[in-house]
Each structure stands twice: as C-alpha cells, then as structure tokens.
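This report concerns only the one structure given below.
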C-alpha cells in the first residue's frame, strides 16, 4: 500500500458516506419486527473506489464533502488506508448516510441520504488539484444534483484539455432514469472510459441486447467496461470486444464489488497492461469483494 504522502496519480471525485448494513433474518414484516444483524461501515462509491485503488498500490487522492463534526475522523480513516483526503467540512449538513438492506442471496437495496455530498461545489475542486495527475475518476453520484454537477463538469473539461484521462462510473440506474440517460451521456462526453453495470448499460443505450449496448456506448467512449454480475464482465472498444467469466466464490455481500472491479481495471491500466489483463484483474477483484461484508478491502 502506498504512503498517504505519495504524490497522487489518480484523483477520485465523489461521495463519502456512512453505510448502515442491515441483514434481516427473513422477509421484512410490514408494521412489525424482524430480527436482523446491523453494522456500520465506511462507505460511498467514490470512497470505496479510492480505497481499492490504494489497496492495489495506486497513489490516490479523494475529493469529497462531509459533515464538519466528522472531518477529522474521516481524514484519519482515509490516511490510514493510504488515501490522500481532500475533504471539506460542511457546517449545516451531516455526512451522507446509506441504509443497505442485504437479502439472503447477497443482493442489496439502498435508501440514501446524500447529506453534505449535495453541497459539493467548485470551491471543493480548485484546478490546482490537476497538477501531476494521470487520471481523474468521477463517481456518477457527483453528477446527479445540479450544484455538484456544474463543478465536476467544469473540472473534467479542463482535465481533458490538459491531456488527463477522465473515467466515469454511472453509479445508479435509479438516478440515471431520474435525470435522463441522454443528459448523463452529455454530461460525461469528456470521459475516456465508462464503467456501467448491465442495468446502467441498458438504461444509457436504450437497448437490451448486449452487443447493441456495446455498439452504442463505444461510439461515445473510447473504452467501455461492463459489469454483468454472475455472467462476468466485458470490455470493448470500437474494434475489440473481450469477455471474462467470474470465478466461483461464496457471495456474502455484493456491496463494493463494482468499485473493486473498477479499481482493479484502472490499476492494471495505469501499470501499462492490455485490455485483456485489465479485465482479468477487474473480474478477480470484483469477485473477491463479494466474499466479505462491506464495500472496502
């Protein structure tokens, strides 16, 4: 793991959350009780992605916003896992929280209060952060509200003008449908690599057939890596399509699997690996992430 003092090569922009993970013993009983195991974990898609990048040895910084009362603790937690925290404290909003209800087969349902993440602005993204970077990665959650979106779009446009690679994870099919896929495609036209899951690829392309999804998305992004759950994953450009099956693992919690997949892919890419090797590392990382509770290494 790199030291948190290492000069970041990757800047991750997005959400910092606290996850409340709920594992009911059976179906929820409307209006009554159900026993459950309940745990608190650090979360947020962007935060998880940064943690996995650090786990794979990539010097990484995270830009985000948290409640002021949590600022020191959050900074210490990120430094402890090798991330350079570039966090702002919000005096009026608390750190975002997410309730993650996990079914017996490991699938998840989310209830989200984005808290301080909604107040993210251009003040949190000075252009000086671009110095020395190889890559800027944006969690799609940072694009779903107008204020944060304006700040992020301005920042990544400058990044691309300076030759810095920009990558995007769409993050949530529910929010994609809410804001409109055409809008999201327009907001992310500066991105080089897109990391949708199967539902997000279908939503953005308006197509159910995987090959048609690939054609549509590779017309707009240089590289598209699609996570297809138990069916594995694929990566494609306008000229190449590669697929990989997932290893067999005992699934405990699928939270963070996509974040680990993304980080594995980018870590290999930054090391100079070809697409096939990037996909293999990504699939292995995503599968291993499902074998433990929570979204981080």
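The values are calculated or read from the model by the stated rules, or taken from the named source; none is laboratory data. These numbers come from a predicted model, not from an experiment. Positions of Cβ are backbone-derived with ideal geometry, glycine not excepted, and every protein chain shown enters the neighbour counts.
Does residue 100 satisfy being surrounded by 14 or more Cβ atoms within 10 Å (Cβ to Cβ) and closer than 24 Å to residue 228 by Cβ?
Yes: the conditions hold for residue 100.
Here is a yes/no grid of residues against (1) farther than 22 Å from residue 295 by Cα; (2) out of contact with any helix residue (DSSP H, G or I) (no Cβ under 7 Å at 6 or more places or on another chain); (3) free of Cβ contacts under 8 Å to residues at least 12 places away in the same chain:
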position	(1), (2), (3)
192	yes, yes, no
197	no, no, no
219	yes, yes, no
230	no, yes, no
233	no, no, no
245	no, yes, no
253	no, yes, no
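Considering the range 174-192 alone, what residues qualify as being assigned to a helix (DSSP H, G or I) and either modelled with pLDDT under 95 or loosely packed, with under 15 Cβ neighbours inside 10 Å (or both)? Break it down stepwise before answering.
Our first condition is that a residue be assigned to a helix (DSSP H, G or I); within the range 174-192, this holds for 174-179, 181-187.
Residues satisfying the conditions are 174, 175, 177, 178, 182, 183, 186.
Return the residues of the range 145-174 that are closer than 16 Å to residue 197 by Cβ and either in contact with a helix residue (DSSP H, G or I) (Cβ under 8 Å, 6 or more places away or on another chain) or in contact (Cβ under 8 Å) with a residue 12 or more places away in the chain (or both); say none if nothing qualifies.
If the condition is that a residue be closer than 16 Å to residue 197 by Cβ and either in contact with a helix residue (DSSP H, G or I) (Cβ under 8 Å, 6 or more places away or on another chain) or in contact (Cβ under 8 Å) with a residue 12 or more places away in the chain (or both), then 167, 168, 169, 170, 171, 172, 173 are the ones that fit.
Going through 196, 170 one at a time, which residue ends up being at pLDDT 95 or above, closer than 24 Å to residue 272 by Cα, surrounded by 17 or more Cβ atoms within 10 Å (Cβ to Cβ) and touching a strand residue (DSSP E or B) at 6+ places or on another chain (Cβ under 8 Å)?
196
Within the range 2-18, track down each residue that is at pLDDT below 90 and either within 15 Å of residue 103 (Cα to Cα) or surrounded by 16 or more Cβ atoms within 10 Å (Cβ to Cβ) (or both). Before you say what the answer is, go through the steps one by one.
Applying the first criterion (at pLDDT below 90) to the range 2-18 yields 2-8.
Those that are at pLDDT below 90 and either within 15 Å of residue 103 (Cα to Cα) or surrounded by 16 or more Cβ atoms within 10 Å (Cβ to Cβ) (or both): 2, 4, 6, 8.
Among the residues of the range 258-279, what is the count of those that are surrounded by 19 or more Cβ atoms within 10 Å (Cβ to Cβ) and more than 29 Å from residue 39 (Cβ to Cβ)?
The number of residues fulfilling the criteria is 5.
Given (1) part of a loop (DSSP other than H, G, I, E, B); (2) without any contact (Cβ under 8 Å) to a residue 40 or more places away in the chain, identify the lone condition not met by residue 212.
(1)
Looking at (1) surrounded by fewer than 24 Cβ atoms within 10 Å (Cβ to Cβ); (2) in a loop (DSSP other than H, G, I, E, B), which one does residue 255 not meet, given that it meets all the others?
(1)
Can you tell me which residues in the range 27-71 are in contact with a strand residue (DSSP E or B) (Cβ under 9 Å, 6 or more places away or on another chain) and assigned to a loop (DSSP other than H, G, I, E, B)?
If the condition is that a residue be in contact with a strand residue (DSSP E or B) (Cβ under 9 Å, 6 or more places away or on another chain) and assigned to a loop (DSSP other than H, G, I, E, B), then 28, 34, 35, 44, 58, 59 are the ones that fit.
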